[in-house]
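The values are calculated or read from the model by the stated rules, or taken from the named source; none is laboratory data. Model, not experiment: these values are computed from the prediction. Heads up, the Cβs are rebuilt from the backbone with ideal geometry, glycines too, and the neighbour counts pull from every protein chain shown. Each accessible area value is taken on the protein alone, full model and side chains, heavy atoms only, with ligands, DNA and RNA left out. Shrake-Rupley method; radii C 1.70, N 1.55, O 1.52, S 1.80 Å.
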Amino acid sequence: MRQHILRRVATFVACALVIASVPTLAGAVPAEAKNQIKRPNKDGSVPSKWDLEKPEVEPHPDEAPVAAGGTGDGVNSLLFGAFDSGDMIVALGTPLGHAGCWDATRYRGSIHDFCVWSANTTPRNGVQLEQPSKYRAYDLAYGLWVPSRYYHGNSVKDYCAAQNGEPYNISSSKTNTAEWYCSKLPWKGWQVRAGVDLDADGGYWVWPVDLLNDSETRVFVSSN
C-alpha cells in the first residue's frame, strides 16, 4: 500500500514538472499582460507606481503639418500589460509622433493584437484599430492615464470605437467631429465623455506631445 502511494506521488510530481516545462501556448496571456485598473489613492493622490516622471515640455509651433506622423523610424521597448481601456499611447521621434486610445477588451497579451484606436492613412484611410507593435517603432513611447477621470476610460474607448471608418484629415480643426487624426481622436473622447481638455497648449490642433504635456495626464509606463 505504501509503495502504491509513493508511486502515485512520484507520478504526480513528474507530471507537474512536465507541465511547468511546457512553454506558454501561443495566444495565452502572460502574467505581465493582465490588465490592472489604475485608481488614485483614497485621498485623491496618484500612486507613485502610476506617476512616472514626464519629459521636459518642448515648445512646438501650432501649425498644420505637411503630412501624417504615423510612421516611426526608431525603436523602443514599451510594455503594455498595465494599459486599461481609455489610456493613451503617445510615441515620439518623428516631427509629430503618433497617438492612440487603448481598448483592453481587444488585448490578448500580444503586441500584434489590434487593440489601439487611432486615425491614420495606412493600411487604410481613417479611424481604425492598430497593433501595439506599431508604437514601438519610435524613439520614445509613453502610456498616459487621467487619474481625475479614470472611471471614464471605458466610455472614452467606446467613443473612439464609434468613429471607426471615419476619414483622416490632419488639417481638421478640433471642433470637426467628422474627420480625424491620431491624437485628436483620444483627445476628443476624453473631452466628450469625461469633460476634460487634455490639450496642453490649447491650440487649433492637438498633437501627441500636447497629450503628454497636459497637467491632467500622468505617465504610468515609459520606454526610457
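Checking GLU63 against (1) of a type in the set (Asp, Glu); (2) surrounded by fewer than 16 Cβ atoms within 10 Å (Cβ to Cβ); (3) under 10 Å from the mean Cα position of the chain (by Cα), which single condition isn't satisfied?
(3)
Only one of these conditions is not met by PRO208: (1) within 17 Å of the chain's Cα centre (by Cα); (2) surrounded by fewer than 20 Cβ atoms within 10 Å (Cβ to Cβ). Which number is it?
The number of the failed condition is (2).
With respect to GLY143, determine if the residue is within 13 Å of the chain's Cα centre (by Cα), surrounded by 24 or more Cβ atoms within 10 Å (Cβ to Cβ) and not in a loop (DSSP other than H, G, I, E, B). Spell out the reasoning first.
Values: within 13 Å of the chain's Cα centre (by Cα): yes; surrounded by 24 or more Cβ atoms within 10 Å (Cβ to Cβ): yes; not in a loop (DSSP other than H, G, I, E, B): yes.
Here the answer is yes, as GLY143 does meet what is asked.
(1) part of a loop (DSSP other than H, G, I, E, B); (2) touching a residue at least 24 places away in the same chain (Cβ under 8 Å): which one isn't true of CYS160, the others all being true?
(1)
In this structure, does VAL75 turn out to be under 19 Å from the mean Cα position of the chain (by Cα), open to solvent by 70 Å² or more (accessible area, probe 1.4 Å), modelled with pLDDT of 90 or more and not basic (Lys, Arg)?
The answer is yes for VAL75.
So SER215 fits all but one of (1) buried (at least 23 other Cβ atoms within 10 Å of the Cβ); (2) modelled with pLDDT of 95 or more; (3) part of a loop (DSSP other than H, G, I, E, B); what number is the exception?
Result: SER215 fails condition (1) only.
From the list ALA137, ALA194, ALA119, ALA104, which one is among the small types (Gly, Ala, Ser), touching a Gly at 6+ places or on another chain (Cβ under 9 Å) and surrounded by 24 or more Cβ atoms within 10 Å (Cβ to Cβ)?
Sole residue among the options that is among the small types (Gly, Ala, Ser), touching a Gly at 6+ places or on another chain (Cβ under 9 Å) and surrounded by 24 or more Cβ atoms within 10 Å (Cβ to Cβ): ALA119.
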